[in-house]
Amino acid sequence: MSHSVDGTTRNETYDFVVVANRLPVDRVVNDAGESSWKRAPGGLVTALAPVMEAADGAWVGWHGAPDEEVEPFENNGISIVPVPLSESDVNLYYEGFSNSTLWPLYHDVIVAPRFHRAWWDRYKKINQRFADATAAVAAEGATVWVQDYQLQLVPKLLKDVRPDLKIGFFNHIPFPSVDLFAQLPWRKRVLEGLLGADLIGFQRPSDASNFLRAVRRILGFTVRGQQIHVQDAQGNPLRIARAEAHPISIDSASISRMAKDPKVQARAKEIRRGLGNPDVVVLGVDRLDYTKGIRHRLKAFGELIDDGRLEVGGAALVQVASPSRERVGEYMKLRDEIELTVGRINGEHDTVSHTAIRYLHHSYPFEEMVALYLAADVMLVTALRDGMNLVAKEYVAAHVDNKGALVLSEFAGAADQLKHAFLVNPHDIDDLKDTIVAAIALPEAEASRRMRIMRRQIATNDVARWSRKFLESLAKTDDELSLDARNRADEERAGHAAADLIRPRKPDDADNE
C-alpha cells in the first residue's frame, strides 16, 4: 500500500508509527571520520523499541542536524523516517514556540512565556511537515503514537487526512490550569489539535483534569468522566476522545543490573574518595533548567552550612547540571546565576582539603550516573514543576543496597508514586533545610524500609508496563469503552449508596421523621 504526500509516493508502510521531535538514534563519528548511527539512550526509546521491532514499526522525527536531508534507513530493526529542519525552523519552531512559549506556560509560568506570531506560524508549518511524513508511512488502520508538546497539532492534521488511523498522544510535561492555558493566543487550535487523538495521555491525574477543564471551558465540548464528545465547526458530533493519566517510568531492571556491576560499585567508592570521603554525599542531577529548582537547593544547602547544621568535610553536595538550550536567553541567565551562587558558597566555606559544592556542567555516560547514584546518601529532586522526573526513579532503582534517602518535590509527577520519599515544597526554604537534615539523619532501618517500598513500586510499574498499558487503552473498541463507562458509573453509584448508609445522623433528623 502507498500514500501520496506533496507529490511523492512511498511504498513502505508500517502498522505502528511513533512520531517525536527527535529520532531514537544519534550519529557517531569514528576516528577515521566515518559516521554511523547508534540507538539513543533514554526511557522512551527503551520502552518502544521492543514494540516497534515486533510490530513492523517506524519512527518519524528529526535527526538533530539542521539544514541536512537524510534518507530513511533501518537501525536495529526500527525503520527511521527523518524529517528535515532548517536552522530557521530550529530557531522559530523549537527554541521559539516550543521552548519559549509552551514550555514556560505549561510549567506554571515560572518564567514568563513569550507569544510571537512568527513562532506560531512556523510551529504550524513544522507540525504539518511531521503529519505529512507520518501519513505517508502509516499503513491502513495503523496505530500512531505522537509524543510531546512540540507536536500538539499533529493528531488533528493526521486524523483529517487519515481517519482510518488509531492515534494516541502523550504529553510528557505538565498540562497547566485552564486559567494559565487560556493566556495562549492559539489555545483553541492547540486543543483541537490534541483532540485529533483517540487517547491523550498525561503524567498525572491532575494534568488530565486540567486538560478536560480547558476543553470544556474553551471549546465548549461535552465532557463526561474521561470522555470528550468532539464536534466539528458546526457543532455536529464527530467522535469521542479520551484523556487519561499514564505516568511514565524507567527500565528499572537494567539500572539495577548496572548498579550490581562490580566496576560501577568500585567507581562509586572512587567518587566518594575524590570528594574527600565525607560522611554524607548529597546529590542533585538535572538538566540546567529553571523548572528544576536548582537555585532553591543551593540556597538551602548554603544556609545549612551558614547555620552550622552541616559542615564542609562532613557533607558535600554534588550538583550535575547537564547543558540544555544554551542559546535561549533564560537558560544563559540561569547558568550565570547558578555558577555565581556555587562560587560564592565555595569561596566562603571551602577548606584546603574539602569543597562544599562540586558543580559539574557536563553530560555523563549512564554508567557514571549510576555510580553517582550509588555514591549518594541523599538525592535532592527539588523541581518547581515537573511532568514526572525520572532521575528520582533512577536513584531508587540504582540503590540495590536499599540504602539512601530521596528528598522529592511534591510538584514532580514522581511524587504520586514515590510516597515514601521525603516530600517537600521547594519554595519553603526553611522546610527544605529541615527535610535535608531529616533525610541525612534517617536511621538505617527506616531508610531501608522506605527504599524497599519505593523499589518495589518502580519494579512493578516500569517503562515497559507504561507503554503496554497506554497502547492497550488506545486499542479499546467502542463497546469496551462503553462497558468501562458503565462499570465506573456503577462503582460511583455503589460508593454513594455506601456513603448514604453510614452518613451520621444530625441531631434534628429524628424530629423530622
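The values are calculated or read from the model by the stated rules, or taken from the named source; none is laboratory data. Predicted, not measured: the structure shown is a model, and the values here were computed from it. Glycine gets a Cβ as well: all are built from the backbone with ideal geometry, and neighbour counts include every protein chain shown. The accessibility values were calculated without ligands, DNA or RNA, using every heavy atom of the protein model including side chains. Shrake-Rupley method; radii C 1.70, N 1.55, O 1.52, S 1.80 Å.
Miscellaneous remarks
- Any hit, region 246-259, residues being surrounded by fewer than 17 Cβ atoms within 10 Å (Cβ to Cβ) and either part of a loop (DSSP other than H, G, I, E, B) or at pLDDT 95 or above (or both): yes
- Within region 219-243, considering residues that are surrounded by fewer than 16 Cβ atoms within 10 Å (Cβ to Cβ) and among the charged types (D, E, K, R), the one nearest to residue 474 (Cα to Cα): 239
- Residue count for region 311-341, restricted to those that are open to solvent by less than 10 Å² (accessible area, probe 1.4 Å) and assigned to a helix (DSSP H, G or I): 3
- Breaking point among (1) under 26 Å from residue 149 (Cβ atoms); (2) among the hydroxyl-bearing types (Ser, Thr, Tyr); (3) open to solvent by 20 Å² or more (accessible area, probe 1.4 Å), for residue 395: (3)
- When each of 384, 372, 360, 390 is tested for being of a type in the set (A, V, I, L, M) and surrounded by fewer than 17 Cβ atoms within 10 Å (Cβ to Cβ), the lone residue that passes is 360.
- Of all the criteria given as (1) on the phi < 0 side of the Ramachandran plot; (2) open to solvent by 10 Å² or more (accessible area, probe 1.4 Å); (3) touching a residue at least 40 places away in the same chain (Cβ under 8 Å), the one not satisfied by residue 402 is (1).
- Identity of the residue in region 271-289, open to solvent by 10 Å² or more (accessible area, probe 1.4 Å) and not charged (D, E, K, R), that ends up nearest to the chain's Cα centre (by Cα): 285
Let's see how each residue does on (1) of a type in the set (D, E, K, R); (2) crowded, with 20+ Cβ neighbours inside 10 Å; (3) free of Cβ contacts under 8 Å to residues at least 40 places away in the same chain:
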residue: 62; (1), (2), (3): no, yes, no
residue: 68; (1), (2), (3): yes, no, yes
residue: 76; (1), (2), (3): no, no, yes
residue: 82; (1), (2), (3): no, yes, no
residue: 92; (1), (2), (3): no, yes, yes
residue: 97; (1), (2), (3): no, yes, yes
residue: 106; (1), (2), (3): no, yes, no
residue: 128; (1), (2), (3): no, no, yes
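- Breaking point among (1) more than 17 Å from residue 198 (Cβ to Cβ); (2) in contact with a helix residue (DSSP H, G or I) (Cβ under 9 Å, 6 or more places away or on another chain); (3) among the small types (Gly, Ala, Ser); (4) crowded, with 20+ Cβ neighbours inside 10 Å, for residue 138: (1)
- Spans of helices (runs of 4 or more DSSP H) in region 109-220 with at least 2 residues within 24 Å of residue 72 (Cα to Cα) and touching an Asp or Glu at 6+ places or on another chain (Cβ under 7 Å): 117-137
- Beta carbons closer than 9 Å, at least 6 apart along the sequence or on distinct chains, pair a first residue in region 134-146 that is of a type in the set (Asp, Glu) with a second that is at pLDDT below 95 and open to solvent by 10 Å² or more (accessible area, probe 1.4 Å) for 140/1; 140/13.
- Test: residue 473 is among the polar types (S, T, N, Q), modelled with pLDDT of 95 or more, in contact with a Pro (Cβ under 6 Å, 6 or more places away or on another chain) and closer than 30 Å to residue 197 by Cβ: no
- In the set (1) under 19 Å from residue 409 (Cα atoms); (2) modelled with pLDDT of 95 or more, residue 290 fails one condition alone, (2).
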